[in-house]
Amino acid sequence: MKVEIWSDVVCPWCAIGKRRFERALSQFDHADQVEVVWRSFELDPTAPRSRDTDLVGHLAAKYGMSREQAVASQDRLTEMAEIEGLEFHFDQARPGNTFDAHRLLHLAADQGAQDALKERLFVAYFRDGQAIGEPDVLRSVAVAAGLDPVRVDEVLGSDTFAAEVRADEDEARALGVSGVPFFVIDRRYGVSGAQAPDLLLELLDKAWAESTPLTVVTSAAPSAAVCEDDACPT
């Protein structure tokens, strides 16, 4: 079974959604047969590599809030993150362009380290206040996640995996994805948002049941006789 997750590395609900999905997966009976693929989605494709910005002011302006309401909203998100074992420090976050981060996530998929890099990017941005749009920061995070430093430098110094990032984003639009996180489970179910683990587990169970038809084993043993219609052998 394949689970594809569209998300961005500067999206707080994506970090929370990752934790909730991991909790659901830990309870899924067939977790060892699930392939998780992280798909690219940029919340702000026009962003510069990094910028010093007032996140509270940006949030207030975007949603028509007062600064007090924006601070309260960030505090609630921080509390939710703590429940999931995450640390959010919005006061030191350094937002920026995430395109190169997504290119490295495609490299990480080739090297079997996509989940590790995704996790480290979330930590770098939300906990450590690192500018994850800057090449030197990305290189450090990627190497710490286990990626080959030579390949990391090759990707950052070129446009490698740019087409793959755009393909993910084109597919998101085709699927009607307008916000993240967005989970696609075995191309049978799609669900938006950082959903509760119970719901995600339910969808995993449903998709598994639908993709694994029952195999009927016929026995010739006399004790295995069955009734057919209204005729029952004795």
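Within the stretch 59-116, list the GluC sites (Glu not before Pro) lying in a DSSP loop whose Cβ has at most 14 other Cβ atoms in a 10 Å radius.
Within the stretch 59-116, the qualifying GluC sites (Glu not before Pro) (loop, at most 14 other Cβ atoms within 10 Å) are E87.
If each residue of separation counts as 0.36 nm, what is the full-extension length gain between E202 and E171 once their alpha-carbon separation is subtracted? Please list the in-between numbers first.
Values: separation 31, 0.36 × 31 = 11.16 nm, distance 2.50 nm.
Residue separation times 0.36 nm, minus the Cα-Cα distance, leaves 8.7 nm.
What is the sum of charges, Lys and Arg at +1 and Asp and Glu at -1, for the other residues whose Cβ falls under 12 Å from the Cβ of E4?
0
For the pairs K18/K62; K2/K118; K2/K206, flag any whose C-alpha to C-alpha distance is greater than 19 Å.
K18/K62
For the stretch 74-175, would you read off the P(r) tail past 16 Å as a percentage of all alpha carbon pairs?
59 percent
Calculate, in whole percent, how much of the Cα-Cα pair population of the chain lies beyond 22 Å.
Working: 15914 of 27261 pairs.
Everything past 22 Å amounts to 58 percent.
Taking amide H positions as placed 1.01 Å from N in the peptide plane, with prolines and chain starts having none, which residues 5 or more places from R39, or on another chain, fall under 5 Å of its amide H?
For R39, whose amide H was placed from the backbone, the distant partners under 5 Å are I5, W6, S7.
At what distance in nm do the modelled label points of D54 and D148 sit from each other, each positioned 7 Å from its Cα along Cα→Cβ?
Distance between the two pseudo-spin positions: 4.8 nm.
Collect residues whose amide H, placed 1.01 Å from N in the peptide plane, falls under 5 Å from the amide H of K2; neighbours closer than 5 in sequence don't count.
E35, D186
Rounded to whole Å, give me the distance from the Cα center of the stretch 19-51 to that of the stretch 65-141.
Each part's Cα centre sits 12 Å from the other's.
Tell me what the chain gives for mean residue ellipticity at 222 nm when only DSSP H runs of n ≥ 4 count, each as -39,500 (n - 2.57), the sum divided by the residue total, rounded to 500 deg cm²/dmol.
Taking each H run of at least 4 residues, the total per residue is -14500 deg cm²/dmol.
Express in nm, to one decimal, how much length is gained between R188 and S211 on full extension, taking 0.36 nm for each residue of separation and deducting their alpha carbon distance.
Stretched fully, the R188-S211 segment lengthens by 7.4 nm.
A short reminder: the numbers here are calculations on the coordinates, not readings from a lab. Because the structure is a prediction, the values reported are computed rather than measured. Cβ atoms come from the backbone with ideal geometry, glycine included; neighbour counts cover every protein chain shown.
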